[in-house]
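The values are calculated or read from the model by the stated rules, or taken from the named source; none is laboratory data. Just so it is clear, the structure is predicted and the values come from calculations on it, not from any experiment. Cβ placement follows ideal geometry from the backbone for every residue including glycine, while neighbour counts extend to all protein chains displayed. We work out accessible area using only protein heavy atoms, side chains counted, and drop any ligands, DNA or RNA first. Shrake-Rupley method; radii C 1.70, N 1.55, O 1.52, S 1.80 Å.
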Amino acid sequence: PRVTRPGSGGSGRWEEEKKEDGVKWTQLEHRGPYFVPLYEPLPEEVQFYYDGKPLKLSLGTEEIATFYAKMLDHEYTTKEIFQNNFFNDWRKEMTSEEQKIIQDLDKCDFSEIHKYFVEKNEAKKALPKEEKQKLKEEADKIQEEYGYCILDGHREKIGNFKTEPPGLFRGRGDHPKMGMLKKRVMPEDVVINCSKDSKIPEPPEGHRWKEVRFDNTVTWLASWMENIQNTWKYIMLNPSSKLKGEKDWQKYEVARRLKGVVHKIRAQYRADWKSKDMKKRQRAVALYFIDKLALRAGNEKEEGETADTVGCCSLRVEHIQLHPELDGQEHVVEFDFLGKDSIRYYNKVSVEKLVFKNLRLFMKNKDPTDDLFDRLTTSFLNKHLQHLMDGLTAKVFRTYNASITLQEQLKALTNSEDNVAGKLLSYNRANRAVAILCNHQRSVPKTFARSMEVLQTKIDAKKKQVEEAQQELKKAEDELEDTKDAKAEANVEKKKKLLKRLEEQLARLNVQATDKEENKQIALGTSKLNYLDPRISVAWCKKFGIPIEKIYNKTQREKFAWAIAMASEDFEF
């Protein structure tokens with residue numbers, strides 16, 4: 001049966017035949033991944049020096065040297081762990097002759113190679129317009145050929161159709177593997193997935209695929225194992241594709257279902273704070289944190305494989321401090337730990353008395369490095385959540401709390417009398433409240449101070465214009481007093497209009513400055529793309545007559561096409 005979505009307003013693409021469970025497609029045809037170009041050797045005159053003397057490197061060794069050389073002006077190459085990992089991996093790839101000579105990274109001089117790439121980059125930027133256009137056309141041709149697939153009769157855009165180029169692994173935060181060699185992906189590493197009756201993609205000449213499979217229960221087109229973390233990398237559809245759109249829509253529908261049962265869940269975990277069973281008590285306090293503070297669950301991981309980051313279930317005693325009273329509030333918990341991607345989570349929160357008492361109990365007789373919730377695992381927590389509501393995980397709480405916060409903040413902050421700039425400031429403030437809840441930070445952009453100066457100069461100039469316009473108006477009004485004729489009256493009207501226009505422009509610039517300042521350490525994009533039901537934003541735009549492109553750029557509008565087609569101005573999350 002055809003499934004029609006509520007409120008979809010004839011958005012036919014989102015309402016085709018439903019497939020049986022687990023089946024994601026019936027037809028899938030594509031060209032396979034686009035392999036990044038092979039290494040181009042350095043020109044003769046660009047040399048590597050060891051211990052002050054030029055040394056001609058073998059091709060494989062030279063290629064890896066360029067990876068390091070390109071990163072010389074990056075702070076990564078100043079970190080000891082990065083240097084050690086790089087040097088170890090580099091030596092493994094050298095010829096035995098090179099291994100005998102090159103034994104100390106400090107004696108390696110990559111500066112000429114670095115300079116060569118900097119100049120090459122500058123030259124590329126300085127190309128004439130026609131040349132740049134030619135390069136763009138070549139890239140477009142590759143996109144046309146490799147960037148699309150046929151899925152169930154639709155031509156769909158592929159997300160990342162190119163293999164990742166080889167290079168040095170960076171990782172986020174202080175990743176123990178930073179600096180290790182990311183190897184080139186070869187056709188022999190790649191598993192292709194397509195439909196049996198489709199034109200099976202040809203591997204590059206002289207190569208073969210690792211495997212071709214016909215698995216219609218998964219949505220990836222190709223995959224390979226990357227050599228550093230030994231994880232699978234996938235080529236997937238673009239976020240704007242029907243498949244991804246449906247998945248996104250489903251995600252928010254699950255979060256909306258939580259809205260109906262959340263009061264029951266809250267009553268349940270509050271009752272469990274007094275449970276005789278210690279495991280249940282710990283689960284109830286952890287769930288309170290996940291709900292109230294939007295903490296991530298925190299999965300168990302292998303020691304030493306990744307940076308030492310934690311989530312709610314893996315918090316250690318050293319990550320929290322209890323204050324019976326702090327800054328005029330009671331029962332304050334002070335959190336300080338590294339979360340996902342080594343982003344620091346620091347927060348002081350006043351909690352309920354029972355939670356505070358329980359934490360004190362969980363910390364009793366433990367060392368700083370002991371687990372706070374020693375009886376709790378993420379899988380035990382998620383099993384419980386699944387039992388409370390089908391499809392419920394810790395992440396659904398994050399999505400639900402983020403979306404509900406945006407909706408409530410928009411209601412509280414938007415003033416229908418404001419102009420568009422004022423309303424957009426309110427929108428960004430609502431979005432900021434969510435980013436703060438989810439702890440989405442960024443470092444202050446390098447260009448921040450400069451762009452703030454430019455803006456301030458504009459503001460000062462506009463203030464001057466406003467003052468001049470005020471004087472002009474005063475003069476015109478005095479003239480009207482004297483002459484009382486129609487020409488003078490028209491002049492007063494004209495000056496009033498000018499002043500009003502300039503004052504509006506000044507107000508707009510001031511709003512922009514406020515917005516920029518408030519936003520300098522907060523990343524809005526993560527929540528906008530992953531945690532906020534786009535229908536809330538679409539409905540807000542429709543209600544207040546704000547063009548959608550003021551909120552979502554082109555890529556985001558493509559990703560959220562389903563929401564733009566579906567949501568009317570009275571949509572409630």
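Within the chain, helices built from complete DSSP H runs that reach 24 Å or longer along their own axis (Cα positions) and carry a mean Kyte-Doolittle hydropathy of -0.5 or higher are 394-413, 420-437. Listed cross-link partners K292/K516; K141/K520; K348/K395; K292/K411; K264/K348; K274/K366 are compared with a 30 Å cut-off, the Cα-Cα value being larger for K141/K520. Computed over neighbours whose Cβ is under 12 Å from that of Q143, the net charge equals 0, Lys and Arg +1, Asp and Glu -1. Ordered by solvent-accessible area of protein heavy atoms (1.4 Å probe), largest first, the residues S223, S416 come out as S416, S223. When the helices of the chain are scored as -39500 (n - 2.57) per DSSP H run of n ≥ 4 and the total is divided over every residue, the value at 222 nm lands at -15500 deg cm²/dmol. The mean accessible area for residues of segment 249-397, using a 1.4 Å probe and ignoring ligands and nucleic acids, is 53 Å² per residue.
Straight Cα distances below 20 angstrom link K495 to the aspartates and glutamates E467, E468, E472, E477, D478, E479, E481, D482, D485, E503, E504, with same-chain residues fewer than 8 positions distant left out.
Averaged over its residues, segment 133-242 has an accessible area of 54 Å² per residue, based on protein heavy atoms and a 1.4 Å probe. Ligands, DNA and RNA excluded, the heavy atoms of M566 present near 20 Å² of accessible surface to a 1.4 Å solvent probe. Ranking V310, V454 from most to least accessible surface, computed with a 1.4 Å probe over the protein chains only, gives V454, V310. Electrostatic bookkeeping for M186 treats Lys and Arg as +1 and Asp and Glu as -1; over the other residues with beta carbon under 11 Å from its beta carbon, the sum is +2. For the chain, carbon and sulfur atoms together expose 49% of the accessible surface, with a 1.4 angstrom probe and every protein chain in place. For R344, the residues whose modelled amide H falls within less than 5 Å of its own, excluding neighbours fewer than 5 places apart on the same chain, are G339. If I compute Rg and Dmax of the Cα atoms in Å from the structure I just sent, which labelled value in (1) 23.6, 88; (2) 29.7, 99; (3) 24.3, 71 lines up? So the calculated entry is the one marked (2). The largest accessible area among H207, H440 belongs to the first residue in H207, H440, and the rest follow in falling order (1.4 Å probe, all chains). Annotation: lysines with alpha-carbon distance below 21 angstrom to K24 (same-chain offsets under eight excluded): K157, K196, K199, K233, K242, K244, K247, K251, K559.
For G173, the shell of other residues with beta-carbons less than 11 Å away shows a net charge of +1, using +1 for Lys and Arg and -1 for Asp and Glu. For the peptides 280-289, 333-342, 126-135, residues were scored by their other Cβ atoms within 10 Å and the scores averaged per peptide; the highest-first order is 280-289, 333-342, 126-135.
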